[in-house]
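The block underneath contains the structure these notes are about, expressed in C-alpha cells.
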Amino acid sequence: MRFLKQFVPVVLIAFIGGQGVGAVSGNPMLTLIVGLVAAALAVLVYHWSVRWAEKRRPEEIALRSAPGGLVLGVLIGLLWFGSVIFNIAELGGYRVDGPGSLAGPIGLAGFMAAACVTEELMFRGVLLRVLQDRFGTWIALLVTSALFGCWHLLNPDATVWGAAAIAIEAGGALGAAYIATRKLWVPIGLHFGWNFAESAIFGTEVSGNGANSGLLHGVMSGPDILTGGHFGPEASPYTIVFGLIIAVVFLLIARRKGRLVPLRRTGGATATATLSA
C-alpha cells in the first residue's frame, strides 16, 4: 500500500502533464511554461504522497539541495552526451549542416523538464527507493533499470536493443546517482542535461521519438551499431561505456559513504530509517 499510495499519484500527474505538454507542443513558449508547471506539480504531488504514505518529510526532494544537485547533474549530462557525440562524429557518424532552430530548444526545455522530473520521481523516487528498502541496493538497481528500459519500448521507433541500452546506461547511471546522493536532484539534472543536449543542442533523435530541431542541424549517418539508428545515440555503444563509467563512480561514492543497502541486513524498518537519514 505504501508503494501504491506513492506510485499511482505520480503516474497520474505524469500522464496529465504529458497530455498538457502535447496539447501545446506547437507553441514553444507555452510548451516551456506548461512543462515547467507540470514538473513543479509532479514534485508537489510526490511530496504529498510520501507524507501521506510514510508520515515523513521527503528529504530526497528537499529544496535546499535542489540548486547544487541540479547544476551538478546537468553538467554531468551535458559532458556525457558531448563525449558520446564527439566520438561518433570522429568516426563519421554525425555532422553539423549549419544552424538549426532558435525556437525549438525553448519548447524542448519544457518538454524535457516535465518528462525528466516525472520519470525520475517514478523510477528513482518511488520504485528504486521502496525496492532498496525491501530488497537491498543491487536487486533494486537491477529491477528499476530493467523497467526503465522497458518503459522506452513504448516510443514510436523503439527497438529491443535500444531499450536494453537504456536499461544498462541510463538505469545504471541515474539509479547510482540517487543511491550515492540520497537526493533526486542529481539524477533529475543528469537526465535533463543528457536529453537537452541530445535534442535541443545537437538535434538528434531521443529514445526512438524522432529527430528534433535543436540549435544545430545535426545529421546522423553510418551504421546503426555506431549511431544508434532511429532510436538515437542512446543505443550507441559509446553511450553504454560512458554511462557505465558514471554509474561505477557514483556507486563507489555510495560505498564510501555507506549507502549501499544489503538484502534484509537489518530489516525493513531500520533500512527505511537509514534511507531517510
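Nothing in this text is a laboratory measurement; each read-out follows from the coordinates by a stated rule. Computed from a predicted model, the values in this text were never measured in an experiment. Please note: Cβ atoms are built from the backbone with ideal geometry, for glycine as well, and neighbour counts cover all protein chains shown.
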Task: Peptides ranked, highest mean first, by Cβ atoms within 10 Å: ranges 74-85, 150-161 - done: 74-85, 150-161
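Return V241, V21 ranked ascending by Cβ neighbour count within 10 Å, so the fewest neighbours appear first.
Going from least to most buried by this count: V241, V21.
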- [ ] Determine, for T144, T181, the number of other Cβ atoms within 10 Å of each Cβ, and report the residues in order from fewest to most.
- [x] T181, T144
Task: Local electrostatic count, G149, Cβ distance below 13 Å [Lys/Arg +1, Asp/Glu -1] - done: -3
Task: (i) 17.0; (ii) 17.7; (iii) 13.4, with the label sought being that of the calculated mean projected area of the Cα convex hull in nm² - done: (iii)
Open item on the list: Tell me the angle of helix 237-256 to the major Cα principal axis of the chain, expressed in degrees between 0 and 90 and rounded to the nearest ten.
Closed with: 30
TODO: Report, to the nearest 10°, how far helix 160-181 tilts away from the longest principal axis of the Cα atoms in the chain, using its own Cα long axis and a range of 0 to 90°.
DONE: 50
Task: Helix 137-151 vs. the chain, principal-axis angle (Cα, 0 to 90°, nearest 10) - done: 40
Open item on the list: I need to check one value: relative contact order of region 2-275, counting alpha carbon pairs closer than 8 Å and at least 6 residues apart, in percent.
Closed with: 25
Open item on the list: Are there any trypsin sites (Lys or Arg not before Pro) in region 49-122 that are in a DSSP loop and have at most 16 other Cβ atoms within 10 Å? List them by number.
Closed with: K55, R56
